[in-house]
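J.: Let me begin by handing over the structure; questions about it come next.
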Amino acid sequence: MKLLLGLAALLAVLTVVTLWRSNAREAATEAEYPPVGQFVAVTNPRGGDPIQVHCVDEGPRDAPAVVLIHGASGNVHDWTFDMIERLSDRYRVLAFDRPGLGYTDMLGRNATAEEQAYVLVAASKALGAETPIVAGHSYGGSVALAWAVYHPDQISGLLVLAGASNPWEGGQGLYYTLLGNPVTGPIMAALISAWVPDDTVSDAIAGTFSPQSEPEGYEAHYGTGLILRRFSLLENARQRTRLLPQIQAMVPRYPDISVPTELLHGDADIVVPLAIHSEPLSRAIPDANLVVMEGVGHMPHHADPQAVEDAIDRLNAASGLR
């Protein structure tokens, strides 16, 4: 009996310390990396209170608009590292935090790619960019495809960067399965938020860039602690583990995408493999232009940002925006 009481007391202490440490680390991260853009309120597709969407909005207001959508575990800092600066001399660039990540509100649990597209379309319209070129990376590529599929009259061009676009075999792995589970997820999120060392996150980021190295200064700019907040850990896992059936629902509608489309994908990408995703996507979307980037991994917009600029310029010319 004494042993059980001792274990219970130890567990209680560990729980208190873990929650205290999680709160402290999250507060420190948000103090160091506050919102860098503005907020726009849009209707929640599930009802209830409006969604506050965080957006970085740069460039001439009368220029063609380009929307940038980050990938899994990401935030707008992936785009503010250098891509927005590259584009904002000739485009109006809007980079959004996806729902539940960065500083954009959650929609509720398990926001689908279609729901996220709805929110970002509404935010873009509220800011006066009604038919932008839409570019999405990785999971953001899925949201960009949902924008083109479900809102075809509110897009002028589509750019998918190493995007998840077609069905794949297997799941997301044990880590995301447990983190996305309603029982084990909150426990894991608290432990990760409190105790995972920065070096572990650094290694994960480096793995995402492989075989390239991350650009100098990227990790400090990105704000890795934003990834480790509990609500973002949970929502990111829920979104990832539930993406496959959403992709399966969109695949039959890809041939209906009629806007100019560019696909950029590295042939060394082991996170979202080229052969499973962009190659069949290029055959499904009429006249899609697939650029295979030799030796490039999962971060094409950092490995060769000029290729991304060139693709957006081609979309701009093909769409007739200017």
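J.: Sort out which residues of the stretch 39-57 are open to solvent by 40 Å² or more (accessible area, probe 1.4 Å) and within 18 Å of the chain's Cα centre (by Cα), and write them in order of number.
T.: Passing the criteria: Phe39, Gln52.
J.: Moving to a separate point now. Does the stretch 63-75 contain any residue that is crowded, with 21+ Cβ neighbours inside 10 Å, at pLDDT 95 or above, touching a strand residue (DSSP E or B) at 6+ places or on another chain (Cβ under 9 Å) and among the small types (Gly, Ala, Ser)?
T.: The answer is yes, given that some residue of the stretch 63-75 is crowded, with 21+ Cβ neighbours inside 10 Å, at pLDDT 95 or above, touching a strand residue (DSSP E or B) at 6+ places or on another chain (Cβ under 9 Å) and among the small types (Gly, Ala, Ser).
J.: Moving to a separate point now. Considering the stretch 269-291 alone, what residues qualify as being in a loop (DSSP other than H, G, I, E, B) and open to solvent by less than 30 Å² (accessible area, probe 1.4 Å)?
T.: Of everything in the stretch 269-291, those that are in a loop (DSSP other than H, G, I, E, B) and open to solvent by less than 30 Å² (accessible area, probe 1.4 Å) turn out to be Asp269, Val272, Leu274, His277, Ile285, Ala288.
J.: If you scan the stretch 230-243, which residues turn out to be crowded, with 16+ Cβ neighbours inside 10 Å and either closer than 27 Å to Leu145 by Cβ or free of Cβ contacts under 8 Å to residues at least 60 places away in the same chain (or both)?
T.: Ser232, Leu233, Leu234, Glu235, Asn236, Ala237, Arg238, Gln239, Arg240, Thr241, Arg242, Leu243
J.: Let me ask something else. Give just the number: which of (1) part of a helix (DSSP H, G or I); (2) closer than 14 Å to Gln246 by Cβ; (3) open to solvent by less than 10 Å² (accessible area, probe 1.4 Å) does Gly163 not satisfy?
T.: Going through (1) part of a helix (DSSP H, G or I); (2) closer than 14 Å to Gln246 by Cβ; (3) open to solvent by less than 10 Å² (accessible area, probe 1.4 Å) one by one, Gly163 breaks only (1).
J.: A further question on this structure: Considering only the stretch 175-222, state which residues are among the aliphatic types (A, V, I, L, M), open to solvent by 50 Å² or more (accessible area, probe 1.4 Å) and under 20 Å from the mean Cα position of the chain (by Cα).
T.: Ala204, Ala220
J.: From the list Gly217, Gly185, pick out the single residue that is on the phi < 0 side of the Ramachandran plot and out of contact with any Gly (no Cβ under 9 Å at 6 or more places or on another chain).
T.: Within the list Gly217, Gly185, the selection yields Gly185.
J.: Among the candidates Asp310, Asp256, Asp287, Asp269, which residue alone is under 21 Å from Gly207 (Cα atoms) and among the charged types (D, E, K, R)?
T.: Just a single option satisfies the conditions, and that option is Asp269.
The values are calculated or read from the model by the stated rules, or taken from the named source; none is laboratory data. In this text the structure is predicted, and so the values were computed from the model without any measurement. Using ideal geometry, Cβ is built from the backbone for each residue, glycine included, and neighbour counts are taken over all protein chains shown. Only protein heavy atoms, including side chains, enter the accessible area calculation; ligands, DNA and RNA are left aside. Shrake-Rupley method; radii C 1.70, N 1.55, O 1.52, S 1.80 Å.
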